[in-house]
Amino acid sequence: MAQDVIYARVSPALKEATDAYATRQGVTLTAAVTDLLERGLVAASDNRSVDQLDARLRTAEAQLATLAAFAERADHRIGDCPKCGKEITGRDLLAVGSCPHCGRALSELIVPSNPKNTLDQREALMLVGALGAVLAVAYLASKK
């Protein structure tokens, strides 16, 4: 197999570091330089991939923060069950759909004209706003 030669001048510190690497690896100086050069070229070509992964990580972190904010909001008390009178949360209303204490369906609480409505409208609106943010993040993430 034919091999090409590269002549290069390097600083004394780089030469010493390369010699030390060759000794630690138990290879010749030529093999060490070849290995390090190949690794450097791979790292340089992968730099774009690293930048893309970093951007994706930042997006995922933002999405996670949005979901965490929604999950926290969903744990807030938003009213009382019309049947048993015990506290219900946004999670009970939107995710589960029933009272965790008596099992009654909570869909009737969403209708504002219901005289038994114990839903805190402000908390419900905050929860719906947080849900909107989650949906917007999910939509934007699906476009990438």
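The values are calculated or read from the model by the stated rules, or taken from the named source; none is laboratory data. Fair warning: this is a prediction, and the values are worked out from it, not measured in the lab. Backbone-built Cβ (ideal geometry, glycine too); neighbour counts: all protein chains shown. Just the protein is used for accessible areas: all its heavy atoms, side chains included, with ligands, DNA and RNA removed. Shrake-Rupley method; radii C 1.70, N 1.55, O 1.52, S 1.80 Å.
If Gly79 satisfies all but one of (1) of a type in the set (Gly, Ala, Ser); (2) surrounded by 12 or more Cβ atoms within 10 Å (Cβ to Cβ); (3) at negative phi, what's the number of the condition it fails?
Evaluating Gly79 over (1) of a type in the set (Gly, Ala, Ser); (2) surrounded by 12 or more Cβ atoms within 10 Å (Cβ to Cβ); (3) at negative phi leaves (3) as the failure.
Is there a residue in segment 14-33 that is under 30 Å from the mean Cα position of the chain (by Cα) and surrounded by fewer than 12 Cβ atoms within 10 Å (Cβ to Cβ)?
Filtering segment 14-33 for residues under 30 Å from the mean Cα position of the chain (by Cα) gives none.
No.
Can you tell me which of Leu36, Leu64, Leu109 is open to solvent by less than 70 Å² (accessible area, probe 1.4 Å), part of a helix (DSSP H, G or I) and within 20 Å of Ala130 (Cβ to Cβ)?
Sole residue among the options that is open to solvent by less than 70 Å² (accessible area, probe 1.4 Å), part of a helix (DSSP H, G or I) and within 20 Å of Ala130 (Cβ to Cβ): Leu109.
Looking only at residues in segment 89-144 that are at pLDDT 85 or above and among the basic types (Lys, Arg), which one is nearest to Ala69 (Cα to Cα)?
Arg91
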